[in-house]
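Below is one structure, written out as structure tokens; comments come after it.
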Amino acid sequence: MRHRVVALISPPQEMYPVTCAAAVFGDHGKDIPRHYDFRLCAERPTSVPTTMGVDVTVPHGLEALDDAGTVLIAHSSGRASPDVLRAVAAAHARGARIIAVCSGVLVPAELGLLDGRDASVHWELTEEVARRFPRIRPDASVLYVDHGDVITAGASSTMIDLCLHLVRKDHGAALAMRVGRQIAAAPHREGRQRQYPDLPTAGPAADALGPLLEWITDNLHRPLTIEDMAARSGVSPRTLSRRFTEQLGVSPGRWLLERRLAHARALLEETDLPVETVARRSGLSSAVNLRRRFHAALDTTPATYRRAFR
């Protein structure tokens with residue numbers, strides 16, 4: 001059976017996070033295995049107004065949550081009704097994971113599912129969450145926080161990153177990379193990266209890093225230094241390091257290492273290449289270095305990882 005992802009929507013619904021989830025969890029054609037089934041539900045079957053100025057017809061009510069493996073709450077206008085809270089609590093109790101985006105965080109917060117935990121919260125909601133739910137630690141700086149059973153994302157713009165992260169957790173890096181390429185997603189961002197960049201006082205906007213990140217991803221097999229990356233961008237290494245920290249929340253070296261490891265994981269899953277070759281193609285130089293990096297990041301070995309996901 002496919003893992004069923006159900007987006008619980010309410011008026012006025014912002015559609016961007018919903019369509020992003022549908023793009024990742026939907027059908028990608030016969031060449032990519034389909035592991036998910038995506039559908040919409042509302043408190044009752046109805047026509048739901050959206051922020052786009054058009055209504056969306058939703059054929060399913062809360063009963064759609066009865067067999068959901070993942071429940072996406074992309075919006076919450078005011079306080080959720082008792083029926084919605086009961087349905088979400090029941091889904092969580094039987095093992096469904098809950099994704100709460102932007103104001104959707106108020107639903108698991110009302111249920112106490114985030115008590116004693118960090119939660120990625122949109123900066124406009126930070127004070128409200130802190131005031132209403134003092135046992136939650138709201139964080140307006142990171143993209144998303146994954147506790148396994150409950151995942152929070154403060155900004156709608158992080159949905160592609162979050163959904164690809166879940167595909168990678170469920171079915172490995174190779175499938176996540178194939179889906180990402182199919183929908184032409186930008187290089188994946190980890191949850192600890194910044195929810196929004198610091199406002200620059202001078203120089204290009206945050207999007208200026210995009211071409212460099214693409215170039216790095218296309219050249220992972222090469223030995224790359226921060227000087228190489230800075231030269232590609234036409235700035236000094238110090239300026240590049242500052243921009244990475246301000247806009248992504250990590251250093252250039254850390255971002256590069258995470259991309260190399262993701263590429264190595266995909267090669268281990270999809271090919272029979274020797275570990276030494278995987279290491280070279282990922283830019284990790286040797287099997288010894290690959291094993292060391294795998295153990296530090298994933299607490300496993302490349303061979304064990306391949307047996308689990310091949």
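Structural remarks
- Count of residues meeting criterion [over 20 Å from L175 (Cβ atoms) and surrounded by fewer than 20 Cβ atoms within 10 Å (Cβ to Cβ)] in region 16-34: 2
- Any pair with Cβ under 9 angstrom, 6 or more apart, that starts in region 88-116 at a residue that is free of Cβ contacts under 8 Å to residues at least 12 places away in the same chain and ends at one that is part of a helix (DSSP H, G or I): R94/D66
- The combined condition, being in contact with a Ser or Thr (Cβ under 7 Å, 6 or more places away or on another chain), modelled with pLDDT of 90 or more and assigned by TED's automatic domain parsing to the domain that holds L220, is fulfilled by A279.
- The set of residues in region 234-251 being under 18 Å from A140 (Cα atoms), surrounded by fewer than 19 Cβ atoms within 10 Å (Cβ to Cβ) and not acidic (D, E) consists of T245, V250.
- Filter result (farther than 20 Å from V88 by Cα, at pLDDT 90 or above and in a loop (DSSP other than H, G, I, E, B)) within region 34-53: R34, H35
- Residue satisfying all of: in region 3-15; assigned to a loop (DSSP other than H, G, I, E, B) and within 20 Å of the chain's Cα centre (by Cα); surrounded by the most Cβ atoms within 10 Å (Cβ to Cβ) among these: I9
- When residues in region 276-293 are screened for being crowded, with 21+ Cβ neighbours inside 10 Å and within 26 Å of P33 (Cα to Cα), 2 of them pass.
- Of all residues in region 161-171, those being surrounded by fewer than 20 Cβ atoms within 10 Å (Cβ to Cβ) and either touching a residue at least 40 places away in the same chain (Cβ under 8 Å) or of a type in the set (A, V, I, L, M, F, W, C) (or both) number 2.
- Hits in region 104-116 (condition: surrounded by fewer than 21 Cβ atoms within 10 Å (Cβ to Cβ) and either in a helix (DSSP H, G or I) or touching a Lys or Arg at 6+ places or on another chain (Cβ under 9 Å) (or both)): E110, G112, D115, G116
- Residue check for R265: under 22 Å from D161 (Cβ atoms), basic (K, R) and either assigned to a loop (DSSP other than H, G, I, E, B) or without any contact (Cβ under 8 Å) to a residue 12 or more places away in the chain (or both): no
- Condition met for L164 (closer than 29 Å to P33 by Cα, assigned to a helix (DSSP H, G or I) and either in contact with a helix residue (DSSP H, G or I) (Cβ under 8 Å, 6 or more places away or on another chain) or not assigned by TED's automatic domain parsing to the domain that holds Q247 (or both)): yes
- Region 78-90, residues that are in a helix (DSSP H, G or I) and within 11 Å of V107 (Cβ to Cβ): V84, L85, A87, V88, A89
- Options P204, P197, P134; residue that is surrounded by fewer than 17 Cβ atoms within 10 Å (Cβ to Cβ), part of a loop (DSSP other than H, G, I, E, B) and at pLDDT 90 or above: P134
Here's the yes/no breakdown for (1) closer than 14 Å to A153 by Cβ; (2) in contact with a helix residue (DSSP H, G or I) (Cβ under 6 Å, 6 or more places away or on another chain); (3) at pLDDT 95 or above:
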site	(1), (2), (3)
D55	no, no, no
G69	no, no, yes
S76	yes, yes, no
R79	no, no, no
A90	no, no, yes
A93	no, no, yes
I98	yes, yes, yes
C102	yes, yes, no
W123	yes, no, no
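The values are calculated or read from the model by the stated rules, or taken from the named source; none is laboratory data. Predicted model, so just to flag it, every value in this text is computed and none were measured. Virtual Cβ from ideal backbone geometry, glycine too; neighbours counted across all protein chains shown.
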